[in-house]
Amino acid sequence: MAVTTITAGRPKSPRKSSDRHRRGVSRWIILALVTIAALAMLVPFVFMLLNAFKSPGDYSTGGPLSWPSEFYTKGLSNYWHQVNFPLKLWNSLLIAGSVAVLGVVVSLLNAYALGIGRVKGRLWIVGLFLLANMLPQEALIYPLYYAAKQVGLYNTQLSVIIIFTVIQSAFGTYLLASVLSTFPKSVLEAASLDGAGKWTVLWRVVFPNLRPTLAVLLIFFFIWTWNEFLIPLVMLIDNSTQTIPVALASLQGDRLMDAPTTNAGALISLIPAVLFFIIFQRTLSRGITAGAEK
Amino acid sequence: MALTETSAAQQRPATPAAPKPPKRKRGGAGYWLYLLPGALLFLVVIGGPLIATVYLSLTKWSGIGDPTFIGFDNYTRLFQDEVFWQSFKNTVAMIIAMVVVPTLAGLVLASVLFDVIGRKFKPRTASALRAAFYLPQVLPVVVAGIVWGWILRPDGAFNGLLDVIGLGALRHDWLGDPNTALPSVMGVMIWVQIGYPVVVFMAALQRIDPELHEAAEVDGANWWHRFKAITLPQIRPETFVVALTCTIAALKVFGPVFALTRGGPENATNVPSYFAYYTFFKKLQVGYGSAISTVLTLIIIIVAAVFIYLQYRNERQDREV
């Protein structure tokens, strides 16, 4: 429809050849413009790298844009020891990893009941989960903080794991319930004809079929939880329990860090996230296409 | 036995409200068990705390001892509080920086990357450029905020850059001056956010039948006409999703503000979620903080409802056409 309107408006076939010629040059201009924009996006990283390997004296004499006069790695090692980075890495891995696995399991169980079981009132239940996903964490944080103190879970990784398992699975339930509501009935009926119970159907039929989607969900939960800030900030006050972002933010808040240490700390804190992104990218694109082909 | 069950299932009409055969109902009851762990967790972590926050917003409480019920006093105080209005004014700025600019720029960038660079150059070039735009989205936003906080410091890299290009006269304490703090935070948020619409829209563009574009091109439609007549209408569903998720993210934004300015200077960059956090944990006014959180929650629900209604209406119009 739209195409015909355009042709009707401008029947200019003679201009076509000159048009193509012009485009030959303009495509290079467009490439140059987009490349400049993309490089501009990377400038903050260049600034960070340049200053992460500078000594504080070097920074105060040469300023932020000078080339480091020596390859100074003490900023990195200072930050590494000051915050006990391996412990922070472990805390972040423990929290994000547990949330990813538990969140996917809870999402799958919920979605099985809602999408395939079609339990009564499922539209309302899915709506509630969707709503929960949109809530500001401030609307939950004080009661959670108070309750965690009462039951002795305050300042434990477990408190954050439980909270994010629920928050992430709210999204996962919403997503998987709609995926499962289109699950082919014939497959389920064939399985129950063979005498398979609900539990067997879930793990032998539904789970293998959903595996690509679940893998994507697992990765999303992991990265989202890894990057979370407010709830870990409130719940984890101790050096031994904090996550990577919280550790960096609390050091910065204390104004203990000079510019090179800030950059060194930021660099160390970014590396795991960038690594995960590189590792997961293949799975993500494969998972998304696998989901689309169905 | 099994035979009757299959035929019953086949006869079942598509409408969910239709009465189900009793056999089916018994099956549905069994599925409740699978919802049980999720439902219990949901009640403990989300339902209960949310109700508690709404209740606490009607009390005066420092977090120690028992809350005193004071009715709607917190809300009357809230609507007279200049900081509260300031924080919502700043939310509008956040929506511009996190929704309007990234969505518009993302539409143009995604279609340029997909149409021009992906087709006329190698697809690898397009995905390398896309990765550059997406990189900030991968990082913990607080870490990105801390790097930007240093860049924008008086002795930071941005002022250094101004010196180098001969604009040293513009040197400034970008985050410390109430007049430049908000625009600076907005700039950082655009940088953080832009990759998300680019990636979503590029995926959406792959859905469009290339023949549509080829036919239009043969007919002499230039890029802009094809963008308006084919690309935009085709990726409208994704545009809705991006606009909704980014708007909610803008209403909830906390980490970057915490890392960059802590809402300062003079509340110039304060946002509702930071205001609530500060009231809860620094001023220990739990009732008042709960009132801020409750209002924010209501606004988010209303915004989401409006978006979903618009999307629904749009889809219905499409079907009627």
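Pairs are defined by a Cβ separation below 6 Å, a sequence spacing of at least 6 or placement on different chains, a first member in the range A:227-240 that is away from every other protein chain (no Cβ under 11 Å), and a second member that is small (Gly, Ala, Ser); the pairs so defined are A:235/A:159.
For (1) more than 8 Å from every other protein chain (Cβ to nearest Cβ); (2) aliphatic (A, V, I, L, M); (3) at positive phi, each residue gets a yes or a no:
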| site | (1), (2), (3) |
| --- | --- |
| A:65 | no, yes, no |
| A:74 | yes, no, no |
| A:84 | yes, no, yes |
| A:111 | yes, yes, no |
| A:120 | no, no, no |
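Quick check on residue B:174: is it at the interface with chain A (Cβ under 10 Å from one of its Cβ atoms) and either out of contact with any strand residue (DSSP E or B) (no Cβ under 9 Å at 6 or more places or on another chain) or crowded, with 16+ Cβ neighbours inside 10 Å (or both)? Criteria not met by residue B:174.
Return yes or no: is residue A:250 over 23 Å from the mean Cα position of the chain (by Cα), within 11 Å of chain B (Cβ to nearest Cβ) and part of a helix (DSSP H, G or I)? Steps first, please.
On the way: over 23 Å from the mean Cα position of the chain (by Cα): no; within 11 Å of chain B (Cβ to nearest Cβ): yes; part of a helix (DSSP H, G or I): yes.
The answer is no for residue A:250.
Would you check if residue B:232 is surrounded by fewer than 24 Cβ atoms within 10 Å (Cβ to Cβ), in contact with a Ser or Thr (Cβ under 9 Å, 6 or more places away or on another chain), aliphatic (A, V, I, L, M) and on the phi > 0 side of the Ramachandran plot? So that I can check it myself, show each step before the final result.
Values: surrounded by fewer than 24 Cβ atoms within 10 Å (Cβ to Cβ): yes; in contact with a Ser or Thr (Cβ under 9 Å, 6 or more places away or on another chain): yes; aliphatic (A, V, I, L, M): yes; on the phi > 0 side of the Ramachandran plot: no.
Against the criterion (surrounded by fewer than 24 Cβ atoms within 10 Å (Cβ to Cβ), in contact with a Ser or Thr (Cβ under 9 Å, 6 or more places away or on another chain), aliphatic (A, V, I, L, M) and on the phi > 0 side of the Ramachandran plot), residue B:232 does not qualify.
Are any of the residues in the range A:195-217 closer than 28 Å to residue A:249 by Cβ and either at the interface with another protein chain (Cβ under 10 Å from one of its Cβ atoms) or part of a helix (DSSP H, G or I) (or both)? Scanning the range A:195-217 turns up at least one residue that is closer than 28 Å to residue A:249 by Cβ and either at the interface with another protein chain (Cβ under 10 Å from one of its Cβ atoms) or part of a helix (DSSP H, G or I) (or both).
I'd like the full set of residues that are touching a Lys or Arg at 6+ places or on another chain (Cβ under 9 Å) and either without any contact (Cβ under 8 Å) to a residue 12 or more places away in the chain or not in a helix (DSSP H, G or I) (or both), limited to the range A:137-154. If you could, list the steps in order and put the result at the bottom.
The first filter runs over the range A:137-154 and keeps only residues touching a Lys or Arg at 6+ places or on another chain (Cβ under 9 Å), leaving A:137-138.
The one that is touching a Lys or Arg at 6+ places or on another chain (Cβ under 9 Å) and either without any contact (Cβ under 8 Å) to a residue 12 or more places away in the chain or not in a helix (DSSP H, G or I) (or both): A:137.
Looking at this structure, is residue B:251 touching a residue at least 60 places away in the same chain (Cβ under 8 Å) and buried (at least 18 other Cβ atoms within 10 Å of the Cβ)? Yes, satisfied.
Kindly indicate which of A:173, A:243, A:200, A:213 is among the β-branched types (Val, Ile, Thr) and within 22 Å of residue B:256 (Cα to Cα). Walk me through how you get there before you give the answer.
Numbers: A:173 fails: within 22 Å of residue B:256 (Cα to Cα); A:200 fails: within 22 Å of residue B:256 (Cα to Cα); A:213 fails: within 22 Å of residue B:256 (Cα to Cα).
Being among the β-branched types (Val, Ile, Thr) and within 22 Å of residue B:256 (Cα to Cα) holds for just one of A:173, A:243, A:200, A:213, which is A:243.
Here residue A:190 meets the list (1) part of a helix (DSSP H, G or I); (2) buried (at least 20 other Cβ atoms within 10 Å of the Cβ) almost entirely, failing just condition (2).
Is there any pair with a first residue in the range B:97-114 that is within 16 Å of residue B:241 (Cα to Cα) and assigned to a helix (DSSP H, G or I) and a second that is charged (D, E, K, R) and at pLDDT 90 or above whose Cβ atoms are under 7 Å apart and which are 6 or more apart or on different chains, and what are they? Nothing qualifies.
The values are calculated or read from the model by the stated rules, or taken from the named source; none is laboratory data. None of the values given here were measured: they were computed from a predicted structure. Heads up, the Cβs are rebuilt from the backbone with ideal geometry, glycines too, and the neighbour counts pull from every protein chain shown.
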